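Worksheet: the structure to be examined is printed underneath.
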Amino acid sequence: MSSGYPDHGLTPLRRRRGALATLLCLAAATLPGCGSTPSATPPAPSPTPPPAGRPPPLVVERLWLQSWFKGTPVRITQGGDGPIDIDVPIEFCFERGRSEVRPALIAVLDKVAESLRRVPEARLDRVAAPADAAAAPALALQRATRVRNRVRAGGVAAARLASPSAASTAAVQLRISLGPDSQG
């Protein structure tokens, strides 16, 4: 149920505490002085606790992506608050010998594009796809190019996307990092 006020990311308990504090301030301001004389100096403001620290943006995005792909074979990992690595097993990505992106991979790429739009300072530092066991290496680059093009079609500027490359494992590999110098 909405209160009609923006929640600014606050938990329900914090919103209630904030509303209670506002109500108490209004009540104190409107009560009579109870016969006391006002002091010459205003009381010192009570110390307010520092706002709860927000997690780094890539941690938030990792958790968001993991919630979308929970229970699927998509592997989303992150060391500390560093880059997010996303691996999608090849059997969900392409038909054997073909470079057209399958619907399961499209769903992942669309969420990656959305994540990149949510964090404008983030970039996709790795876009790699494997070839089939007996296929020419050119197939890997064709596949990686299709992967990159799908993310680009999701509204992400080309400058924020790494060049396509061949993956060394049997998975499409993506890496989301912050800033232009975070390749690795």
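Some points to look at:
- No other residue among Leu139, Leu161 is touching a Lys or Arg at 6+ places or on another chain (Cβ under 6 Å), open to solvent by less than 40 Å² (accessible area, probe 1.4 Å) and farther than 20 Å from Val59 by Cβ apart from Leu161.
- Leading residue by the ranking (surrounded by the fewest Cβ atoms within 10 Å (Cβ to Cβ)) among those in segment 142-153 that are among the charged types (D, E, K, R) and under 19 Å from the mean Cα position of the chain (by Cα): Arg152
- Filtering segment 81-128 to residues that are among the aromatic types (Phe, Trp, Tyr) and crowded, with 21+ Cβ neighbours inside 10 Å leaves only Phe94.
- Residue in segment 119-130 that is touching a residue at least 12 places away in the same chain (Cβ under 8 Å) and over 21 Å from Thr77 (Cβ atoms) present: no
- For segment 61-80, filtering for residues that are surrounded by 15 or more Cβ atoms within 10 Å (Cβ to Cβ) and touching a Pro at 6+ places or on another chain (Cβ under 6 Å) leaves 0.
The values are calculated or read from the model by the stated rules, or taken from the named source; none is laboratory data. In this text, all values refer to a predicted model and were calculated from it rather than measured experimentally. Here the Cβ is made from the backbone with ideal geometry for all residues, glycine too, and neighbour counts use every protein chain on show. Heads up: the accessible areas ignore ligands, DNA and RNA and are worked out on the full protein's heavy atoms, side chains in. Shrake-Rupley method; radii C 1.70, N 1.55, O 1.52, S 1.80 Å.
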